[in-house]
Amino acid sequence: MIPPEVERRARWVLDTVGARDLGLGDDLPYVESAWEQAAHGERPEGDDLAEAFFHLARVEERGAERDRHGRFAAASSSLDPLDPPLERLRARLRLEPPRWGGARFAIALTHDVDVPWRWTRVGVRGGAARVKHAALAGRPRDVAAETRALAAVPLHKARGTDPNWRFREICELERSLGTRSTFFLLAAHRHRADGPVPEAYESRRARLVETLRAGGAEIGLHASYTAADDPAVLAEEQEALAALAGPLAGQRFHYLRVDPHGNLRELDRLGFRYDSSLGFADAPGFRAGIAHPFRPWDFEREAPLGLVEVPLVAMDVTYAEERYLGLSARAAEPRLLALVRQAAERGGGFAVLWHTDRFDRGTSRGWDRLYRRLIEVVGAAGGVCVSAGELAAEAAERLA
């Protein structure tokens with residue numbers, strides 16, 4: 001006899017991959033030992049369905065070691081991040097993947113707004129420090145790029161412009177390519193990791209909301225560093241940004257400080273319809289082992305949450321920053337576009353993150369061009385680019 005708990009878990013996995021007409025014990029064998037392994041926090045062997053639950057429910061993250069920011073790393077996972085097991089299960093069951101927006105696949109375009117204004121006094125000092133660091137590291141191209149950026153500061157000051165304030169241009173680019181995106185905005189600064197010069201963000205937040213609204217973009221909450229650990233702070237930030245931007249459907253935790261067994265439940269309680277934080281900071285890939293949106297599993301209730309998780313599969317920082325892959329935009333391009341090809345072949349619906357400080361032609365070092373290239377290649381491959389909210393709303397209907 002199959003325990004009711006296992007029945008519920010298996011039903012969730014099967015419904016998630018679109019196998020609503022199949023059942024455990026009738027159409028798929030029940031391997032008791034594999035489900036016991038999953039219950040004990042071990043990766044199951046000999047049963048694709050039990051293994052799918054293990055990955056989708058993020059069993060391996062329960063009590064797992066995390067980095068200094070409280071994040072679970074790809075390096076700690078038993079997954080091959082680029083070979084999602086839920087998609088292998090879907091193929092083995094001969095199920096067609098969802099066609100988001102009627103297309104072969106969909107990518108949700110998202111932006112985290114961490115530093116909307118670069119050239120504050122602190123920002124100028126930071127630019128000078130980067131020049132020094134690049135010189136000591138023997139990176140002449142970086143020295144030249146940072147020096148050119150600093151040389152343009154007086155002109156920006158005279159014009160009242162800034163290389164990070166490119167929001168209207170980003171919206172216009174996306175509109176010209178037939179798409180729109182989601183911008184996640186910080187509602188408060190409570191920790192040094194939330195960014196420098198909080199007052200520079202605070203004084204421009206209302207103008208930022210107005211600019212994004214005029215550009216037709218979706219606005220979501222970028223919950224601050226400490227909000228990930230404090231439900232009261234999270235609620236306060238939701239209320240503060242909603243007072244400016246209106247009701248917020250979705251959010252992403254700053255620094256991707258998401259805990260599938262903790263703060264996702266708080267988001268659901270606060271009425272968020274989706275989250276898009278579940279990705280690896282240190283590598284591209286499918287952290288939950290699935291290439292499509294899903295409803296996360298709540299072990300306290302032994303049932304899925306109401307909100308939808310839009311998997312975050314790739315971000316510019318992962319490719320570009322020295323602490324991760326340390327690639328140039330040119331070197332990152334084939335890796336990024338390989339994800340697009342994979343989605344075109346197997347189907348997919350997931351998010352990509354491009355920070356808003358990589359869209360000034362003079363300082364972006366090619367990352368602005370790569371973003372445009374991404375959108376163009378997605379369309380040429382039969383996919384669509386949408387906002388995270390659009391993808392989540394369609395997923396919610398499918399997963400009802």
Checklist entry - Calculated from DSSP H runs of 4 or more alone, at -39500 (n - 2.57) each and per residue, what is the 222 nm mean residue ellipticity of the chain, nearest 500? => result -13000 deg cm²/dmol
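Can I get the semi-axes of the range 309-388's equivalent ellipsoid? Compute them from the C-alpha gyration tensor as square roots of 5 times the eigenvalues, in angstrom, largest first. Kindly include the intermediate steps, with their values, before the conclusion.
Working: eigenvalues 87, 36, 31 Å².
One finds semi-axes of 21, 14, 12 Å for the range 309-388.
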Next on the checklist: Treating the range 250-400 as a set of equal point scatterers at the Cα positions, no solvent, please give the Debye-formula log₁₀ I(q)/I(0) at q = 0.11 Å⁻¹.
Outcome noted: -0.44
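Under 1.5 on a/c is rounded, so check that first for the range 124-198, then, if it is not, pick prolate when a/b is larger than b/c and oblate when it is not; a ≥ b ≥ c are the square roots of the alpha carbon gyration tensor eigenvalues.
Numbers: a/c = 1.85, a/b = 1.43, b/c = 1.29.
Judged from the Cα gyration tensor, the range 124-198 comes out prolate (a/c at least 1.5, a/b above b/c).
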Checklist outcome for this item: Placing +1 on each Lys and Arg Cβ and -1 on each Asp and Glu Cβ in the range 68-198, then taking the dipole about the Cα centre, the residue among His189, Leu86, Gly123 whose Cα reaches farthest towards the positive end is Gly123
Checklist entry - For the range 120-161, which semi-axes, largest first and in whole Å, follow from the square roots of 5 times the eigenvalues of its Cα gyration tensor? => result 22, 11, 5
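Please work out the FRET efficiency for the pair Val124 and Ala303, using the Cβ-Cβ distance as r and a Förster radius of 56 Å; give the result to the nearest 0.05.
Working: r = 52 Å, r/R0 = 0.93.
Calculated value: 0.60.
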Item to check | Ordering of 229-239, 356-366 by burial proxy (mean other Cβ atoms within 10 Å per residue, highest first) | outcome: 356-366, 229-239
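Run the dipole for the chain about the Cα centre, Lys and Arg Cβ at +1, Asp and Glu Cβ at -1, nothing else charged, and hand back the magnitude in debye, nearest 20.
Values: 56 positive and 60 negative charges, 458 e Å.
Approximately 2200 debye in magnitude.
Counting pairs of alpha carbon atoms under 8 Å apart in space and at least six apart in sequence, what relative contact order in percent does the chain give? Intermediate results must be reported in sequence, preceding the final value.
Values: 703 pairs, mean separation 89.5, N = 400.
Averaging sequence separation for qualifying contacts and normalising by length gives 22 percent for the chain.
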Checklist entry - When only C-alpha pairs under 8 Å and at least 6 residues apart count, what is the relative contact order of the range 73-228, in percent? => result 26
Checklist entry - Considering only DSSP beta bridges whose two residues both sit in the chain, what percent are antiparallel, to the nearest 5? => result 10
Checklist entry - In the range 304-343, which GluC sites (Glu not before Pro) fall in coil by DSSP and have 11 or fewer other Cβ atoms within 10 Å? => result Glu322
Checklist outcome for this item: Dividing the mean separation of Cα pairs under 8 Å (6+ apart) by the residue count of the range 305-400 yields a relative contact order in percent of 33
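Would you mind calculating the gained length between His69 and Leu177 on full extension (0.36 nm times residue separation, minus the Cα-Cα distance), in nm to one decimal?
Details: separation 108, 0.36 × 108 = 38.88 nm, distance 3.61 nm.
Extra length from His69 to Leu177 when fully extended: 35.3 nm.
Based on a Kirkwood Rh over C-alpha pairs, give the Stokes-Einstein translational diffusion coefficient of the range 8-53 at 4 °C and viscosity 1.567 mPa s in µm²/s. Don't skip to the answer; put the middle values down first.
Working: Rh = 10.6 Å.
Reported coefficient: 123 µm²/s.
For the range 134-292, just run the numbers: alpha carbon Rg, then divide by 2.2 N^0.38 Å, N being how many residues it has.
Working: Rg = 18.0 Å, N = 159, 2.2 N^0.38 = 15.1 Å.
With N residues counted in the range 134-292, Rg over 2.2 N^0.38 Å equals 1.19.
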Item to check | Sequence ranges 27-40, 84-97, ranked by mean other-Cβ count within 10 angstrom, highest first | outcome: 84-97, 27-40
Checklist entry - Which loop-located trypsin sites (Lys or Arg not before Pro) does the range 291-334 contain, where loop means any DSSP state but H, G, I, E or B and the Cβ has at most 11 other Cβ atoms within 10 Å? => result Arg301, Arg323
Item to check | Kirkwood estimate for the chain, i.e. one over the average of 1/r between Cα atoms, Å | outcome: 21.9
Checklist entry - Give me the log10 of I(q) over I(0) for the range 32-124 at q = 0.20, 0.24 Å⁻¹, as the Debye formula computes it from C-alpha points; what are the numbers? => result -1.07, -1.21
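We did not get these values from a lab; they are worked out from the coordinates using the rules stated. What you see is a predicted model, and the numbers here were worked out from it, not measured in a lab. Ideal geometry is used to build each Cβ from the backbone, glycine not excepted, and the neighbour counts take in all protein chains shown.
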